[in-house]
Amino acid sequence: MAEAILMPRLSDTMTEGVIAAWHKNIGDTVKKGDLLAEVETDKATMELESYQDGVLLYIGTPTGGKLQVNDLLAIFGKAGEDVSALVAQHAPGGAKPAADAKPAEQAPKEAPKPAEQPKAEAAPAAEAKPAASNVEGMDGVVLMPRLSDTMTEGVIAGWQKNVGDTVAKGEVLADIETDKATMELESYKDGVLLYQGAKAGDKIQVNDLLCIIGKQGTNVDAIVAAVKAGGGAPQPAADQKPAEQQPAAQQQTDAAPANQPQQPTQPQPEVVNDGRIFASPLAKKMATEKGIDLRYVKGTGDNGRITKTDIDNYKPAAAANAPAPAPAAKAAAPAAPSGVVSFDEVPVSQMRKTIARRLSESLFTAPHFYLTMTIDMDAAVAARTRINEVAPVKISFNDMVLKATALALRQHPKVNSSWLGDKIRYNHHINIGVAVAVEDGLLVPVVRFADGKSLSQIGAEVKEYAQKAKDKKLQPADWEGSTFTISNLGMFGIDQFTAIINPPDACILAVGGISQVPVVKNGQVVPGNVMKVTMSCDHRAVDGATGAAFLQTLKSLLEEPLRMLV
């Protein structure tokens, strides 16, 4: 029997998706796990795998088409099945082209044609801003996409393509600094880069004109003027003329590297994947862990897709890793003259702006109250020493606090909540955000379903996230979805502090360091290891007694660590 496949929700904020590419045509036999299509969401272009076997009988929209979440994406069944009833059932008002609903053996003539694709393939993220609606259909216009759920503007960290360069679909256009990370922006179409909306270091609002990609001879001035009239694109900079009008600027750009010291050339391995690279999620993860560049890996899957087996069998050439040029030494900052007022003013980064905005909103909107408790860590110190003798990864005290917190949240679900204005959400899942300090500010990657993970799993995951945060390689999915947050400054010698709640969580736990102090045990003064924790609570969702009961459970788990293993 034929079965309808609906457009899935591939991110927490996704409302619609654009079909970046179909990897199966009508009439093709599809197996479970085969790559069906690439779907561009509001945050990334993601691979959609089939979760069943069958013949692809119907496609809901051609490449470049847009579907709302839960709209009809495809129909699977047996060859020759009539799917017109299913199409009519899922069509709004029954208005679906009957031609699309024919059996698979009649379908080859009806496969999506390139000519039917929308021209605005390069600007899928433009719909979020009403002012962009007049220009998003223009051929070649690329608008600044929203690369994170809180992003309102982006800074061009660097252009990877210059005006006049040929750009292939899937190639990196630019590095964009958002409020949370510096991310690579890939091109969604082929063509020539004719216009850049800003120089490196400049800011662009979401849905403002980022660049224009098209054919040589395109009237760029007319497009830029239309974008301005349609809702405000940035003023063109001096080097933002069409490519054919910029020979001098291009020559100057090309000549710049000549001033740098030349590096000895080394033979490079053959690049087998140009443009967008198709690989399974597991293969991508394995390649990242092993430091393998997927451009050099030959895929054996469908359409050259790279699989786990290809990564396992890959043997890098001796010259694959050419030494990178040594970075120029930074000049030492001049010492301030004695008796002279002196200072530096540094532009605020996107991350710092977001930290300022969100935490100000939290502190001045959520009525915070604070609960502090002292915990005897003698047993935890002894247990950690014994655990690390057999653990596959080194367990930190922070890992033990995270595990104990997750188990305590399971017993006190009211603390694992969020204030939503006219309702309170009590989360059944336990996702704990871990505050990680980076050079530009603070990131909070999330350990998901922490109550069901072992100390070794938590330790490995936290270490991986911390490294990715410092390398600016965290993705939006890594920092979204927390239900509770932990901030630990104990490693910096801080005994006690209060933290600002990380919305939408209702609470955050501030963890101080372990101090050796005199304590009274059995009527005797002896040295003991104590740690202070302070929980900030949103009084709209959590009351004092509720928070206190949670801390009592947390204290008992850390003072008797064996209880965490039951």
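Observations
- Residue, surrounded by the fewest Cβ atoms within 10 Å (Cβ to Cβ), within the stretch 125-167, restricted to residues that are modelled with pLDDT of 75 or more and in contact with a Ser or Thr (Cβ under 7 Å, 6 or more places away or on another chain): Asn162
- Residues in the stretch 170-182 that are at pLDDT below 80 and part of a strand (DSSP E or B): Thr182 alone.
- The conditions of being farther than 16 Å from Leu6 by Cβ and at pLDDT 85 or above are met by Glu81.
- Selection count, the stretch 397-418, where residues are open to solvent by less than 40 Å² (accessible area, probe 1.4 Å) and either in contact with a strand residue (DSSP E or B) (Cβ under 7 Å, 6 or more places away or on another chain) or among the polar types (S, T, N, Q) (or both): 10
- Counted residues, the stretch 192-220 - those being on the phi > 0 side of the Ramachandran plot, free of Cβ contacts under 8 Å to residues at least 60 places away in the same chain and within 30 Å of the chain's Cα centre (by Cα): 1
- Here is the figure for the stretch 436-459: residues that are open to solvent by less than 40 Å² (accessible area, probe 1.4 Å) and more than 28 Å from Trp419 (Cα to Cα) total 4.
- Hits in the stretch 57-67 - residues which are out of contact with any Ser or Thr (no Cβ under 8 Å at 6 or more places or on another chain) and not aromatic (Phe, Trp, Tyr): Leu57, Ile59, Gly60, Thr61, Pro62, Thr63, Gly64, Gly65, Lys66
- Lys463 part of a helix (DSSP H, G or I), over 17 Å from the mean Cα position of the chain (by Cα), farther than 22 Å from Thr553 by Cβ and not acidic (Asp, Glu): yes
- Single condition Thr385 does not satisfy, out of (1) more than 27 Å from Leu474 (Cα to Cα); (2) modelled with pLDDT of 95 or more: (2)
Yes/no matrix, rows are residues, columns are (1) open to solvent by 20 Å² or more (accessible area, probe 1.4 Å); (2) touching a strand residue (DSSP E or B) at 6+ places or on another chain (Cβ under 9 Å); (3) charged (D, E, K, R); (4) in contact (Cβ under 8 Å) with a residue 12 or more places away in the chain:
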residue: Ile430; (1), (2), (3), (4): no, yes, no, yes
residue: Glu461; (1), (2), (3), (4): yes, yes, yes, yes
residue: Lys472; (1), (2), (3), (4): yes, yes, yes, yes
residue: Thr498; (1), (2), (3), (4): yes, yes, no, yes
residue: Asp505; (1), (2), (3), (4): no, yes, yes, yes
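- Of the criteria (1) at pLDDT 90 or above; (2) under 25 Å from Asp440 (Cα atoms), which one Val401 fails: (2)
- Residue within the stretch 518-537 that is part of a loop (DSSP other than H, G, I, E, B), at pLDDT below 95 and open to solvent by less than 70 Å² (accessible area, probe 1.4 Å) present: yes
- Residue in the stretch 483-495 that is over 19 Å from Thr372 (Cα atoms), modelled with pLDDT of 95 or more and either within 19 Å of the chain's Cα centre (by Cα) or open to solvent by 50 Å² or more (accessible area, probe 1.4 Å) (or both) present: yes
- Pro62 meets each of the listed conditions (1) out of contact with any helix residue (DSSP H, G or I) (no Cβ under 6 Å at 6 or more places or on another chain); (2) part of a loop (DSSP other than H, G, I, E, B); (3) surrounded by 17 or more Cβ atoms within 10 Å (Cβ to Cβ) apart from (1).
- Pair list, Cβ < 7 Å and 6+ apart or interchain, from the stretch 547-562 residues that are more than 12 Å from Met400 (Cβ to Cβ) to residues that are in a helix (DSSP H, G or I) and open to solvent by less than 20 Å² (accessible area, probe 1.4 Å): Phe550/Ala408; Thr553/Ala408
- Pairs meeting the criteria (first residue in the stretch 400-422 and more than 16 Å from Ser487 (Cα to Cα) and in contact (Cβ under 8 Å) with a residue 12 or more places away in the chain, second residue open to solvent by 70 Å² or more (accessible area, probe 1.4 Å) and polar (S, T, N, Q), beta carbons under 9 Å, at least 6 apart or on different chains) are Ala408/Gln552.
Matching residues to (1) surrounded by fewer than 15 Cβ atoms within 10 Å (Cβ to Cβ); (2) part of a loop (DSSP other than H, G, I, E, B):
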{"residue": "Ala21", "(1), (2)": "no, no"}
{"residue": "Lys24", "(1), (2)": "no, yes"}
{"residue": "Gln52", "(1), (2)": "yes, yes"}
{"residue": "Gly80", "(1), (2)": "yes, yes"}
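- Test: residue in the stretch 396-416 that is charged (D, E, K, R), out of contact with any Lys or Arg (no Cβ under 9 Å at 6 or more places or on another chain) and farther than 30 Å from Gln516 by Cβ: yes
- Ile223 vs. criteria hydrophobic (A, V, I, L, M, F, W, C), over 22 Å from Ala20 (Cβ atoms), in contact with a Phe, Trp or Tyr (Cβ under 9 Å, 6 or more places away or on another chain) and touching a residue at least 60 places away in the same chain (Cβ under 8 Å): yes
- For the stretch 1-17, filtered to residues that are open to solvent by 20 Å² or more (accessible area, probe 1.4 Å) and assigned to a strand (DSSP E or B), the residue that is farthest from Lys189 (Cα to Cα) is Glu3.
- Cβ-Cβ distances below 8 Å connect the following pairs, each with a first residue in the stretch 282-302 that is in a loop (DSSP other than H, G, I, E, B) and open to solvent by 80 Å² or more (accessible area, probe 1.4 Å), a second residue that is at pLDDT below 80 and among the aliphatic types (A, V, I, L, M), and a separation of six or more residues or different chains: Lys298/Val272.
The values are calculated or read from the model by the stated rules, or taken from the named source; none is laboratory data. Since the model is a prediction, treat every value here as computed from it, not as a measurement. We place every Cβ from the backbone using ideal geometry, glycine too, and count neighbours over all the protein chains shown. For the accessible areas, the whole protein counts, side chains as well, though only heavy atoms, and no ligand, DNA or RNA atoms are used. Shrake-Rupley method; radii C 1.70, N 1.55, O 1.52, S 1.80 Å.
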